[in-house]
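Written below as structure tokens is the structure these notes are about.
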Amino acid sequence: MDMRRKVIKQRDSFTMTLPMPWVKQHAVDKHLEIDVEMEGEHLLMSASAVPSKQGKVSIPIDNEAFVRYVLNNAYRSGYDRLEIELPPKAHKYVEAHLSRLLGWKIVQRSANRLVLENLAEPRAERFESLLRRNFYVLQESLQTLQSYWDKGVSVESIEIGAEEVSTTDNFLRRCISKRVVDSSKTHFYWQFISTISWAYRAVLFASREPRTNDWQVQAMLSKVITSFKDLHTGFFEKNLARISQSFETSRAVLRSKPKIKDARSYHYVMEMARMLNLSCSPGVGICV
């Protein structure tokens, strides 16, 4: 919709009013930030999904895993500035984990305090592209695991992919908190993205085990790969028939009761199938 607006001269700047239909659509108020980009002769405006979010948290223990939990969940919740009180020895855990929290940087530091601020976050418009990327990485990793079991190929790419998937997963869930997606479907997106990431974790852990020569486990992995391909296609094409095929294939794996020799590899393949099966429900919720 084209609209003409009058430019108003201020003392040292120019202003213009915002169209009311756009204001109402984006729930603009005095606290909302507006992003403005210049492209040649055009100004492109977009409303930030939520106002800048600031907070403070205290981490009482020097435990790397717990520090990661706090950071991940604060980041996913949409904080743009976070003050953290923590033991001096825990600073190194924060520094090491920031590479998985896109945009967050340390802006202040003292013995028992760090302040993190969002300085270089990717644009939320990349949400779907990054989600597609996570699907691609998972597909490649499943095929690499299959080749590892068949031919003993290197699984280094799966380890590399794990960091990318974790980083993207954090950003995608942050986007959900910032209401980038349809607000009526945020819970579907959150569950869908998290279960896909857990499927990748199962692939990663399976790749760290010795090669299995159990043909039944290998056959189950082939079905998991088929299930994933159907879910991938069905979700992005909004094709419920393909998602239903993914559901049936993954359920068949879960219901199988083979006499297996390699219990650990069997466990991880079953976990992949379980996560893909669980993904079908929120996937349908997003598509309908």
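Summary of values
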{"read-out": "Residue that is farthest from A124 (Cα to Cα), among those in segment 177-195 that are of a type in the set (V, I, T) and part of a loop (DSSP other than H, G, I, E, B)", "value": "V181"}
{"read-out": "So R173, is it open to solvent by 30 Å² or more (accessible area, probe 1.4 Å), under 30 Å from H232 (Cβ atoms) and either among the charged types (D, E, K, R) or over 17 Å from the mean Cα position of the chain (by Cα) (or both)", "value": "no"}
{"read-out": "Among residues of segment 168-195, those that are modelled with pLDDT of 95 or more and of a type in the set (D, E), counted", "value": "1"}
{"read-out": "Of all residues in segment 6-15 being assigned to a loop (DSSP other than H, G, I, E, B) and open to solvent by 90 Å² or more (accessible area, probe 1.4 Å), the one that is farthest from L43 (Cα to Cα)", "value": "R11"}
{"read-out": "Residues within segment 47-97 that are charged (D, E, K, R) and more than 30 Å from V36 (Cα to Cα), tallied", "value": "7"}
{"read-out": "Filtered residues of segment 114-152 (kept if of a type in the set (D, E) and either in contact with a helix residue (DSSP H, G or I) (Cβ under 9 Å, 6 or more places away or on another chain) or modelled with pLDDT of 95 or more (or both))", "value": "E117, E121, E128, E140, D150"}
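The values are calculated or read from the model by the stated rules, or taken from the named source; none is laboratory data. Quick caveat, the model's predicted, so the values are computed rather than measured. Using ideal geometry, Cβ is built from the backbone for each residue, glycine included, and neighbour counts are taken over all protein chains shown. Accessible surface is based on the protein model in full, side chains and every heavy atom, while ligands, DNA and RNA are left aside. Shrake-Rupley method; radii C 1.70, N 1.55, O 1.52, S 1.80 Å.
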